[in-house]
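> The following block contains the structure, expressed as structure tokens.
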Amino acid sequence: MNKSPANGPAEKPERISEAEHAVMEVLWDRGTATAAEVCEQVCNQRDWSLATVKTLLSRLVQKQAIETRPDGRRYIYSPLIARADYVGGESRRLVDRLFGGKAASLVAHLAETEALTPDDLSEIEALLKDLKQ
């Protein structure tokens, strides 16, 4: 079984592709959606068809990232993993893979490449201050 926001932790789903992530974002924002509703949100931006969205939804069901329930002739989809849990896992994988597991190295890299704005730096400083207390 997977992590359901209501049921607590279980094993993690397979990795979610960038395209599947776009579908997950719609489901996280809406809570539940039909394939047509997901398509309304992403098809024009990504030049996808409804069939593409249905394929991605099917993959996410197989990966146990979402669940589906019949509603007449259509299906309603809802996430089984919380956005925060997904982001946390992906963040950890990024830090582990690219920065040897050291988050400070990531922040240093962003600072060195001028990817952080003064507002970003202020937010990071405030977060660190809060964490120290």
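> Using only the alpha-carbon atoms, how far is helix 118-132 inclined from the longest principal axis of the chain? Give it as 0 to 90 degrees, nearest 10.
Relative to the chain, helix 118-132 is tipped by roughly 80 degrees.
> Further question on the same structure: Helix 18-30 sits at what angle to the longest principal axis of the chain, using alpha carbons and giving 0 to 90 degrees rounded to 10?
Result, in degrees: 80.
> Restricting to Cα atoms and excluding each atom paired with itself, what does the Kirkwood estimate give for the stretch 35-87 in Å?
11.8
> Another question, if that's okay. What is the Cα centroid distance between the stretch 28-72 and the stretch 87-110, reported in whole angstrom?
The two parts, judged by their Cα centres, are 30 Å apart.
> Rg over Rh of the chain, using C-alpha atoms and the Kirkwood radius, what does it come to? Mind dumping the intermediate values first?
On the way: Rg = 18.1 Å, Rh = 17.0 Å.
Radius of gyration over Kirkwood radius for the chain works out to 1.07.
> With θ taken as phi - 60° and the coefficients 6.51, -1.76 and 1.60, list the Karplus ³J(HN,Hα) couplings across the stretch 86-102 in order, rounded to whole Hz; mark glycine and proline as x.
Each residue's phi maps through the Karplus curve to give 5, 4, x, x, 5, 4, 4, 4, 4, 5, 5, 6, 9, 10, x, x, 10 Hz.
> Related question: Work out which GluC sites (Glu not before Pro) in the chain are exposed loop sites (DSSP not H, G, I, E or B, at most 12 other Cβ within 10 Å) and give the longest gap free of them.
Segment 15-113 is the longest.
> Once you list every other residue whose beta carbon is under 15 Å from the beta carbon of ALA126, what net charge do they have if Lys and Arg are +1 and Asp and Glu are -1?
The answer is -3.
> Summarise the accessible area of the chain (1.4 Å probe, protein heavy atoms) by the percent that is carbon and sulfur.
C and S atoms contribute 51 percent here.
> Could you compute the longest span of the chain free of trypsin sites (Lys or Arg not before Pro) located in DSSP loops and having at most 14 other Cβ atoms within 10 Å, not counting the site residues?
The longest such stretch corresponds to 16-72.
> Still on this model: Name the residues whose placed amide hydrogens come within less than 5 Å of the amide hydrogen of TYR75, ignoring near sequence neighbours (fewer than 5 apart) on the same chain.
Result for TYR75 returns ALA35.
> Based on the Cβ-Cβ distance of GLU125 and THR32, what FRET efficiency does E = 1/(1 + (r/R0)^6) give at R0 = 41 Å, to the nearest 0.05?
0.60
> Over the chain, calculate the relative contact order: mean separation of alpha carbon pairs under 8 Å at least 6 apart, over the residue count, as a percent.
The normalised contact order for the chain reaches 22 percent.
The values are calculated or read from the model by the stated rules, or taken from the named source; none is laboratory data. Quick caveat, the model's predicted, so the values are computed rather than measured. Positions of Cβ are backbone-derived with ideal geometry, glycine not excepted, and every protein chain shown enters the neighbour counts. For the accessible areas, the whole protein counts, side chains as well, though only heavy atoms, and no ligand, DNA or RNA atoms are used. Shrake-Rupley method; radii C 1.70, N 1.55, O 1.52, S 1.80 Å.
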